[in-house]
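Beneath this line is the structure, given in structure tokens, with notes to follow.
The values are calculated or read from the model by the stated rules, or taken from the named source; none is laboratory data. All values reported here derive from a predicted model rather than from experimental measurement. Glycine also receives a Cβ, built like all others from the backbone with ideal geometry; neighbour counts cover every protein chain displayed. Accessible surface is based on the protein model in full, side chains and every heavy atom, while ligands, DNA and RNA are left aside. Shrake-Rupley method; radii C 1.70, N 1.55, O 1.52, S 1.80 Å.
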Amino acid sequence: MVEISETSAIFQFSPRIILESLGSKIIESDSIAIAEQIKNAVDAGSKDKVIVDFSRINEDLITITDSGQGMSVDEIKENWFFVSTDNKLSNNRMLGEKGIGRFSLFRLADKIEIETIKAGYINSFTLDKDELRQKEYISDFHASILSRENVESNNIGTTIYLRNLKSNINLFEIQRELQNLNEPEIDDMFTIIYPTNYDQTIYYPIESFVKNAAFHAIIELNDEEIQSYEFSCKIQDKSFYENNSTTTIQRSIENKNLKLNTGKTKIIIHNFYDYKKIKPLLTYSRSELQEHFLSAYQGINVYRNYFKIYGHGEVDWLKLAERRVKKVSDHIDNKLTFGYIILDPDRSIELEEKTNREGFLRNNELINFKEIILLILDQFDNDINNVKYIIRTTNLLNTTSVKVDSKQDLNNNDCTDNNNKSYVNSSNPKNNTGDKTEEQTKEKVKEQSEEQTTDNDRQDEDESPKTESSDKKQYHFEPRIGTIDKNIFDSIRSEKVKELVNEITSIYAYKYKLATAFLLRSFFEVAMNEYIINNFDSVKKYNNNMVILNDLIKQKFYNKSNQEVIKDLSIKQKIDLFIKKFRNNNVDPRSINHLNKLVKFIDDINLAIHWKNKVISLDELQTHWLNTKFFIEFLCKNV
């Protein structure tokens with residue numbers, strides 16, 4: 001008879017679980033690590049704003065301070081050192097329900113010191129990456145908790161000290177992504193202090209831009225029921241159109257048998273209509289709108305418990321760009337839309353956040369939720385298309401108000417359908433008859449033609465040289481992207497790079513903007529490749545996964561199955577490499593900030609190459625050429 005022996009086994013974990021799997025590698029953005037600590041501070045009942053202080057980042061220190069309840073020694077043991085604790089799960093109002101957000105700080109620093117004050121005692125402990133790495137098992141690590149009586153004040157709260165900072169902390173990204181961390185309708189629950197030498201982007205108040213948006217909607221849901229839909233076309237104080245009907249959206253939801261268990265949901269949408277007749281009414285330029293507002297607030301964000309859920313907004317989670325590709329004139333653009341959805345914190349729990357905080361887990365609730373939002377956007381798109389005729393046929397500057405109340409659903413894209421109330425043109429009373437006039441038909445055809453004309457073509461007209469009579473001063477216009485110093489040009493050793501620089505500085509950029517943009521992108525790609533290959537030993541320290549295979553720059557790493565993976569190194573990753581190099585060499589932070597903006601611009605170029613309606617303006621090309629001239633010259637001198 002065969003003997004059967006029995007033994008037992010227990011799970012054992014490497015410290016890498018804390019340092020990487022639940023720490024530096026669980027998130028893809030520096031700002032999420034900061035956001036998690038702000039949420040934890042709010043959960044702890046912080047009475048004042050949480051203070052995130054980067055002012056001493058150049059001295060290898062970041063601090064995060066709150067005025068919450070603090071932690072006793074027992075609470076530190078039972079909660080802070082309990083991985084994935086469930087002490088917050090019973091309260092839907094708690095933000096940090098995963099119990100692991102604190103470990104994401106290892107993305108920013110190798111040493112985390114916590115000092116917390118409660119019940120008259122100051123308690124402190126430290127997590128050091130080097131000490132953790134020396135242990136074979138996480139159970140071998142024992143943190144020392146120091147406790148002393150607080151004789152200095154009656155304060156309570158917690159301060160986190162981050163030391164041994166990573167060299168690639170991206171303040172530009174952190175500022176932009178935390179700008180809209182809290183709901184737009186409330187005051188921020190935190191304050192950020194930046195270094196004096198950091199060139200902050202100035203974001204203007206939300207209301208200063210919203211009043212310049214052309215199209216607005218406020219929608220209220222209770223589960224899958226549309227309780228109200230209020231669409232308006234209003235620019236400054238001039239109103240042109242309203243629609244308050246919920247019938248079409250509700251009917252579509254019922255026809256698709258969509259069900260939700262999300263409770264009360266509020267949806268706000270503002271869309272900026274970039275049409276030349278509107279421009280005289282606006283108090284901002286297009287570049288101001290992008291730089292000082294939409295760069296942080298674009299897209300439709302989702303909020304719960306006053307904080308945004310990452311993975312929305314700038315991330316086009318509703319695929320609005322794909323909708324526009326099918327028919328440009330019929331759909332709004334994610335990049336020209338500012339919107340947000342406020343979820344019921346008690347009822348929307350079936351919309352569950354991913355562990356990495358970047359979106360929701362895919363389930364039936366999420367599928368139905370997105371489908372209903374898209375049906376609402378269909379109505380929003382239809383209302384916009386209906387009102388465009390008014391905008392195009394009305395003297396906006398001389399009209400105080402041209403307002404139409406739609407008592408029926410305007411669910412037909414043809415704005416002159418007999419079932420819809422016809423549009424009012426204050427200068428032409430016959431349009432009030434409700435008949436489909438010849439003039440309306442012609443205007444509609446003209447409108448669709450204009451919408452399908454690429455923005456680049458429109459801008460060619462706007463930006464082309466303007467001639468005036470001989471007795472007036474001529475309008476000065478620079479049709480090319482820029483120039484480069486002749487000595488630097490002559491010093492370029494790479495024939496390929498030299499040819500690209502020659503083409504970029506010679507091409508008639510105002511007429512061939514997309515071609516110029518493609519050449520600029522190619523220059524950075526080729527020049528960076530040649531520099532990295534020629535200086536591989538000195539730059540590899542900025543990206544340890546980087547390898548060169550057959551004269552191509554790749555990254556090599558191992559996946560969770562310990563299989564070797566080789567991928568291309570993206571342009572963004574290459575620029576990040578130079579950012580680290582320049583930061584290490586104490587290059588002016590403002591110059592580094594321009595390289596961060598270059599990354600986003602190259603993304604825009606990539607989109608424009610594949611999508612004809614993506615705009616690349618001459619002003620953008622010239623601005624990026626000028627702002628990154630130091631980088632262009634650096635590459636030219638060294639390849």
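Details
- Global form of the range 107-209, assessed from the alpha-carbon gyration tensor, a/c cut-off 1.5: oblate
- Set Lys264/Lys326; Lys111/Lys580; Lys234/Lys511; Lys77/Lys540; Lys486/Lys581 screened for pairs whose C-alpha atoms are more than 29 Å apart: Lys264/Lys326; Lys234/Lys511; Lys77/Lys540
- Percent antiparallel among DSSP beta bridges (both partners in the range 240-356, rounded to 5): 60
- Over the range 219-360, equivalent-ellipsoid semi-axes from the Cα gyration tensor in Å: 27, 20, 15
- When you count the other C-beta atoms within 10 angstrom of each residue and take the mean per peptide, 599-609, 130-140 line up highest first as 599-609, 130-140.
- Ranked by how many other beta carbons lie within 10 Å on average, peptides 240-247, 506-513, 64-71, 319-326 from highest: 64-71, 240-247, 506-513, 319-326
- Classification of the range 246-305 by its C-alpha gyration tensor yields an oblate form. The axis ratio a/c (a ≥ b ≥ c) is 1.5 or more, and b/c is at least a/b.
- Modelled this way, with points 7 Å down the Cα-to-C-beta line, the labels at Lys486 and Ile4 are 9.2 nm from one another.
- Cβ-based charge dipole, the range 219-340, positive-most Cα from Asn271, His331, Asn261: His331
- In Å², nearest 10: area of Arg163 left accessible to a 1.4 Å probe: 80
- Heavy atoms of Ser72 accessible to a 1.4 Å probe, total area in Å² rounded to 10: 40
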